[in-house]
Amino acid sequence: MNPESRIYVAGRKTLIGAALLRRLKAGGYTRVIEPSPDPDAGDPRQVDRFFETARPDYVFCAAGRSGGILANQKYPADLMRDNLLSACHLLESARRHGTKKLLYLASSCSYPKHASQPMKVESLLTGPLEATNEGYAVAKIAGLTLCRAYRRQYGVKFVCGIPGDPFGPGDDFDPEDSHVVAALIRKIHEAKEAQAGSATLWGTGAPRRGFIYADDLAEACIFVMLRYDGSEPINIAGDWDLSIRELAEAIRDVVGFQGTLFFDSSKPDGCPVKVLDSSPLFGMGWRPTGKLHEALKATYDWFLEKTDAPSARISS
């Protein structure tokens, strides 16, 4: 991949996709394809027409709807179907129309609920999944398995990355669809705006997660596209291993909320620990550069800007 290569980011309006576009442009890649409108990844005819016309040399697959625990509980079929169809259509059209290399992004949800920590790719498919996001996780497992199947049958350079839990500017702060960082920022900000004495958060606060700033993740994806061509998935994560309680306290400091954080243990925790082993990627020479406080502040600043804060909307 070089500055003259035709590059397509499928899912360019997602958190990861938007970060990839920023980093590619900042890196001097001048032929990033931005179709208007974007092909619907769930429609095989739209996807194939796009690939036939645009002929991208390199494809980053960040498409597919995602969400936090609430979204996974309410829309398991939608999430599973959307991700299954996106993977099937994008990979097949890339193969048919001569894409030189493709990076498919799966999810840390693909790992078994009780996998050894930090999670290594050898643990994939060795145990039951976390029940709260099983449909989404199975779709992502299907996607990474499909990448390996295409490599084996067609000899194409399709590789799979498994990101840590990403966050950053462009995140989804919807009360139903947001992941943990965005959900906590919104909850704690709303408590501050309401001048409440406390903010009530889901779960016990005990689960641990491995977080990565979206711009670091984008840099890592570009690095993997340039340097990695293995048939096995590769973990793409940073080195922030935090409990949800520790994360919430860091966000409270960034938001400037003076109240108490109350954890509602009647709500689900999700996977007890989900930290990825990125030593293979680090051994290749990539390391994240973002600092946690600065990354959370940049994310909060974006939230304030996009929600017309300081008087941001208060959800019911």
With criteria (1) of a type in the set (D, E, K, R); (2) within 21 Å of Glu246 (Cα to Cα); (3) surrounded by fewer than 20 Cβ atoms within 10 Å (Cβ to Cβ); (4) in contact with a Leu (Cβ under 8 Å, 6 or more places away or on another chain), Asp171 comes up short on (3)
Check on Ala41, under 19 Å from the mean Cα position of the chain (by Cα) and touching a residue at least 60 places away in the same chain (Cβ under 8 Å) = no
Return the total of residues in the range 55-98 being touching a Lys or Arg at 6+ places or on another chain (Cβ under 8 Å) and more than 19 Å from Thr14 (Cβ to Cβ).
-> 4
From the option list Asp57, Asp48, single residue qualifying as touching a residue at least 12 places away in the same chain (Cβ under 8 Å), closer than 26 Å to Asn235 by Cα and of a type outside the set (Lys, Arg) is Asp57
What tally of residues in the range 102-128 results from selecting those that are crowded, with 18+ Cβ neighbours inside 10 Å and charged (D, E, K, R)?
-> 1
Looking at this structure, is Arg55 more than 24 Å from the chain's Cα centre (by Cα), under 18 Å from Asn2 (Cα atoms), at pLDDT 95 or above and charged (D, E, K, R)?
-> yes
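Every residue in the range 269-294 that is part of a loop (DSSP other than H, G, I, E, B) and more than 16 Å from Asp165 (Cβ to Cβ), please.
If we filter the range 269-294 for residues that are part of a loop (DSSP other than H, G, I, E, B), which is where we start, we get 269-272, 275, 277-278, 284-291.
Hits for the range 269-294 are Met284, Gly285, Trp286, Arg287, Thr289, Lys291.
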Of all residues in the range 32-51, count the ones that are touching a Lys or Arg at 6+ places or on another chain (Cβ under 8 Å), under 17 Å from Gly98 (Cα atoms) and of a type outside the set (A, V, I, L, M, F, W, C).
-> 1
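Those residues that are in a strand (DSSP E or B) and more than 23 Å from His179 (Cβ to Cβ), I need them from the range 5-50; list them, please. Before the answer, list the steps.
So the first thing to find is which residues in the range 5-50 are in a strand (DSSP E or B), and the list is 7-10, 32-33.
Within the range 5-50, Ile7, Tyr8, Val32, Ile33 qualify.
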Would you check which residues across the range 231-265 are at pLDDT 95 or above, closer than 16 Å to Pro163 by Cα and not charged (D, E, K, R) and list them?
-> Pro233, Ile234, Asn235, Ile236
Give Ala183, Ala149, Ala137 a once-over and let me know the one that is over 13 Å from the mean Cα position of the chain (by Cα) and in contact (Cβ under 8 Å) with a residue 12 or more places away in the chain.
-> Ala183
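The values are calculated or read from the model by the stated rules, or taken from the named source; none is laboratory data. Bear in mind that the values here come from a model prediction, so they are computed numbers and not experimental data. Heads up, the Cβs are rebuilt from the backbone with ideal geometry, glycines too, and the neighbour counts pull from every protein chain shown.
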